[in-house]
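The values are calculated or read from the model by the stated rules, or taken from the named source; none is laboratory data. None of the values given here were measured: they were computed from a predicted structure. For neighbour counting, all protein chains shown are included, and Cβ atoms are generated from backbone atoms with ideal geometry for every residue, glycine included. Heavy atoms of the whole protein, side chains included, go into the accessibility calculation; ligands, DNA and RNA do not. Shrake-Rupley method; radii C 1.70, N 1.55, O 1.52, S 1.80 Å.
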Amino acid sequence: MNGVELFLLGRTLMKLGEDALPEPPGGAERYAGSARLVLIVASDVAAHPDSSVSEIVTRTGLPQSQVSTAVARLKEAGSVVTVPDPSDRRRVLIRQADEVSARVAQVRATDIEQVLVSTLGSDDPALLSELTSALELLARHLTGTRPTG
């Protein structure tokens, strides 16, 4: 496998992940921005608690409007909370919520089997097991975490 093939595989995996995510309450049309942007911002907040929107913008390279929209969606879902910055009361700092919200639990419990079946055009249990094991192996070694769900 070369760099281009790895890049294209990564894009395919991102698309599969997006397709596997459950619709937000009220449907996707209700919200501006994609699930991908929300997940990028959520992962940045998890890695860098008590960040301002401008700090998230700098780290992710996303436009400020998209970060603000993602933060609003995450806040509405109960995934993050905002607090005034003690050094500058005009700014807010964003951090993960202490409790796992119902929406976060729903997203984390998402099963990828249906999206794999749809993509492969097959529900062969041996093939699904092989792919799921391969994805878990990649996640464990490349992200240092064990997938949840």
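Modelled this way, with points 7 Å down the Cα-to-C-beta line, the labels at residue 108 and residue 128 are 2.4 nm from one another. A helix-only calculation puts the chain at -18000 deg cm²/dmol for mean residue ellipticity at 222 nm, using -39500 (n - 2.57) for each DSSP H run of at least four residues, averaged over all residues. If you bin all the Cα-Cα distances of region 72-115 at 5 Å, starting from zero, the percentages per bin are 5, 21, 21, 17, 13, 10, 6, 3, 2, 1. Between residue 89 and residue 14, the distance separating the two model label sites (each 7 Å from Cα on the Cα→Cβ line) works out to 4.1 nm.
The fraction of accessible area contributed by carbon and sulfur in the chain is 57 percent, rounded to a whole number (1.4 Å probe; ligands and nucleic acids excluded). Taking all Cα pairs closer than 8 Å and separated by 6 or more residues, the relative contact order of region 6-149 comes to 22 percent.
With the whole protein complex present, residue 79 retains an accessible surface near 20 Å², based on a 1.4 Å probe.
Probing with 1.4 Å while keeping every protein chain in the model, the per residue accessible area of the chain equals 66 Å². Each Lys and Arg adds +1 at its Cβ and each Asp and Glu adds -1 at its Cβ; summed about the Cα centre, the chain shows a dipole of about 620 debye.
The H on the amide N of residue 91, modeled in the peptide plane, is under 5 Å from the matching H of 85, each at least 5 residues off or on a different chain. Over all pairs of different C-alpha atoms, region 28-88 has a mean inverse distance whose reciprocal, the Kirkwood radius, equals 11.7 Å.
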